[in-house]
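Engineer: Attaching a single structure in structure tokens format; questions to follow.
The values are calculated or read from the model by the stated rules, or taken from the named source; none is laboratory data. Just so it is clear, the structure is predicted and the values come from calculations on it, not from any experiment. Ideal geometry is used to build each Cβ from the backbone, glycine not excepted, and the neighbour counts take in all protein chains shown.
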Amino acid sequence: MLIVTMEGEGAAATGAAGEDVIDAQLAMQTLGERAGGGEYLVFGAGDISHEITSSMTDSLLIVGPLAVLFVLIALAVAYRDVLDILLGLFGIGAVLAWTFGFMGWTDIAFNQIFIAVPVLLIGLSIDYAIHIFMRHREERANGGGDGPRGSMRTALVGVGIALLYVTATTVIGFLSNLTSPVPPIREFGIVSSAGITAALLVFGLLIPAMKVEVDDLLESR
């Protein structure tokens, strides 16, 4: 019987192994499988981290397509307009890009808890988009405002203030996770708050501005 052990400094929490530890244990496992003639068992933080990463990838591959399908159905039912659907999808992509970019900028590693973040942000983004776009449509149907720009301004003044308050209270709620002694939970609160703020900025500023410019361009033809 041959037993190989590895000791190192730093945290040894589940899923916290470094890349060198993961690569070393995976290489040991591969060598054992190639050698044959005996039974080999490799177990440690690196092996656990690899399995956790694989399970998270599998979960995202299941949740991701379902979330996209839900988005398409919800936007198609609410908008019945290809342009608005494309703007909504672009906005959701921008929110997710900003959120994961924030994680990279702050050096926050992706873990099991963060699987819920994309679904949370997709649902919230759809909610923001529907509120603003439908209020804009209502204003245009009633003949209010000065074209697309004036209607959007009225919509943002009315609905935008409410969304600002909702975002503030939601962010405060998620930031309460900072009181937790568990680091992944604290990071979950920070990332979720950043993503929710990004959703407000994207669907409160960027997407309405793009909507106005596109509508002006189409109506000028």
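Engineer: Out of curiosity, is Asp107 within 24 Å of the chain's Cα centre (by Cα) and among the acidic types (Asp, Glu)?
Structural biologist: Here the answer is yes, as Asp107 does meet what is asked.
Here is a yes/no grid of residues against (1) exposed (fewer than 15 other Cβ atoms within 10 Å of the Cβ); (2) of a type outside the set (Phe, Trp, Tyr); (3) touching a Cys at 6+ places or on another chain (Cβ under 8 Å); (4) at pLDDT below 85:
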position: His50; (1), (2), (3), (4): no, yes, no, yes
position: Asp58; (1), (2), (3), (4): yes, yes, no, yes
position: Leu83; (1), (2), (3), (4): yes, yes, no, no
position: Gly93; (1), (2), (3), (4): yes, yes, no, no
position: Ala97; (1), (2), (3), (4): yes, yes, no, no
position: Leu124; (1), (2), (3), (4): no, yes, no, no
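Engineer: Let me spell it out: the conditions are (1) in a helix (DSSP H, G or I); (2) at pLDDT 90 or above, and Pro181 meets all of them except one. Which number is the exception?
Structural biologist: (1)
Engineer: Could you say whether any residue in segment 83-90 is among the small types (Gly, Ala, Ser) and either free of Cβ contacts under 8 Å to residues at least 24 places away in the same chain or farther than 21 Å from Ala209 by Cα (or both)?
Structural biologist: Checked against the condition, which is being among the small types (Gly, Ala, Ser) and either free of Cβ contacts under 8 Å to residues at least 24 places away in the same chain or farther than 21 Å from Ala209 by Cα (or both), segment 83-90 yields no hits at all.
Engineer: Let me ask you something else. Of the conditions (1) under 12 Å from the mean Cα position of the chain (by Cα); (2) over 17 Å from Phe174 (Cα atoms), Gly123 fails just one. Which one is it?
Structural biologist: Gly123 satisfies all of (1) under 12 Å from the mean Cα position of the chain (by Cα); (2) over 17 Å from Phe174 (Cα atoms) except (2).
Engineer: Only one of Ala97, Ala74, Ala116 is outside the structural domain of Pro184 (by TED's automatic domain parsing) and either of a type in the set (Gly, Ala, Ser) or in contact with a strand residue (DSSP E or B) (Cβ under 6 Å, 6 or more places away or on another chain) (or both). Can you tell me which?
Structural biologist: Checking each option against the conditions leaves just Ala74.
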